[in-house]
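Please read the structure below before turning to the comments.
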């Protein structure tokens, strides 16, 4: 995720203040113990203006909203002066060090441990170094506007190359105009596969690059590149242009293999995509992350909420607009996969079914509005804690919730206003994205009013569905495109959504129960073991299904369960399983009219010509 809009808008070093021109930061990274996940890092600060230099390790990372405390992986911290003489260094907090006694120059050296290759952390082994800069580099707040140089020392005998959005000075040394851009520049060092191509955009050629550290074949890599080209073209068509990438290039930095963790993270001129899966097993799933992250090159990187300005590397970062920043990006990531032909209609409608089930059937909307769901991000976005929580009842991911809102808004605009969500995004891009002017929620509402030419409707939409928790009639909206939203198993009885672990003893509830479910209403909770239902022993999923198949919704039956070693009994009122599915009319035995076909084609058909 991009950081200070003003910093990157004023990108040229010629605009850097005089103080920043006098100050310099130089990093050197080497990997003599990569097999044990270590890097040796030094950073030289020249032009120090204070008696004591404060040096910090970031606590948060662009594109994430929670604290991650990267200092936990830093040790053997030392400091020296310009002559190499040791300096006094003291740790003043878990993530901060103070260096005194210098003569205007300090070099801090340390060892970094990294064994988590994803979009937030750092992963190092003998095959590569996967570096997310906040998890890797110390910094001095007094040098935040100073240019920084980073030199990577390639391990001897390796074929490692460097993939990064940093400005190259040579094969091993790169430059950032300031701290913000440096922190936003993930880097992969490995013997990666590489491809690039030029895209015509408003009379200019812009380079798209793929640097992929993976274990697949050249043919699989070529297929991945071909599909990524289609994704890039479709998203360019949505906005009518590509962003103006710094240095005229955008780089997909990928890491697929057993050493990686599934993730994707957007940056101003690049993205990190990672997974333990391979191109051979699930290329479409991997490309879904590619699609999502590339859409962020417009939405979030440049079209950016004011609530994320400025990004604070020492605190959690909260925003009221993640339903659009992340949610609408999720909607377009999936839509692009269909428009580009990577996914067919069956796969796309299956994805819609999953999203609608999650949002419509989860009780979270009774607790928080969509805006408030966005503001929960510091607690849920890769945040880590050990105590149990009740988020299965109180929270719905702003990714999926926002995506479902985007679906409803898109179909409503097409049906009622002869316009589209594409045009809304284009309008936002022109007003706030291109000039990189951070927006507020009021700006989003005003732009919707301009696109629909209906101020009252736009205000009502925001009041009900953004600041509130209402949702539109998705069955009616999807029917416009010849898609039926219906119960998946009508008439079948159930106890409510539950994560069960079966054994000879019974079925153990691994998570808390949903407040809307028969299990919750009967008093069952996490850790309880269901012993019998309607007098029949529950020892396997097959046995439970057999019991439920003999019963009907609204039946009241006895349930026996064990809690903390004690056996308890209760009555449970069964419900009709509420799970929904989206089915094309032609597969549901219903007529697909020419008007529906036209609506569907306008919505789901390719935009790239």
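Points worth noting:
- Residue within region 92-112 that is closer than 23 Å to residue 165 by Cβ and either buried (at least 21 other Cβ atoms within 10 Å of the Cβ) or assigned by TED's automatic domain parsing to the domain that holds residue 292 (or both) present: yes
- Every residue from region 433-454 that is within 12 Å of residue 419 (Cβ to Cβ) and outside any helix (DSSP H, G or I): 453, 454
- Given (1) touching a residue at least 12 places away in the same chain (Cβ under 8 Å); (2) over 24 Å from residue 154 (Cβ atoms), number of the condition residue 247 does not satisfy: (2)
- Just one residue in the set 496, 468, 491 is in contact with a helix residue (DSSP H, G or I) (Cβ under 9 Å, 6 or more places away or on another chain), on the phi > 0 side of the Ramachandran plot, surrounded by fewer than 22 Cβ atoms within 10 Å (Cβ to Cβ) and not in a strand (DSSP E or B); that residue is 496.
- Listed conditions (1) modelled with pLDDT under 95; (2) in a loop (DSSP other than H, G, I, E, B) are all met by residue 61, apart from (1).
- Filtering 179, 174, 194 for residues that are crowded, with 19+ Cβ neighbours inside 10 Å, over 30 Å from residue 331 (Cβ atoms) and out of contact with any helix residue (DSSP H, G or I) (no Cβ under 9 Å at 6 or more places or on another chain) leaves a single hit, 174.
- Matching residues, region 382-430, being on the phi > 0 side of the Ramachandran plot and surrounded by fewer than 16 Cβ atoms within 10 Å (Cβ to Cβ): 418
- One residue from 508, 552 being surrounded by fewer than 16 Cβ atoms within 10 Å (Cβ to Cβ) and not assigned by TED's automatic domain parsing to the domain that holds residue 343: 552
- Test: residue 144 is in contact with a helix residue (DSSP H, G or I) (Cβ under 6 Å, 6 or more places away or on another chain) and without any contact (Cβ under 8 Å) to a residue 60 or more places away in the chain: yes
- Filter result for residue 558 (over 16 Å from residue 498 (Cβ atoms) and assigned to a strand (DSSP E or B)): yes
- If the condition is being assigned to a loop (DSSP other than H, G, I, E, B) and in contact with a strand residue (DSSP E or B) (Cβ under 6 Å, 6 or more places away or on another chain), then region 564-609 contributes 574, 577, 588.
The values are calculated or read from the model by the stated rules, or taken from the named source; none is laboratory data. Please read these numbers as outputs of a predicted model, since none were measured by experiment. Note that we place each Cβ from the backbone using ideal geometry, even for glycine, and neighbour counts take in every protein chain shown.
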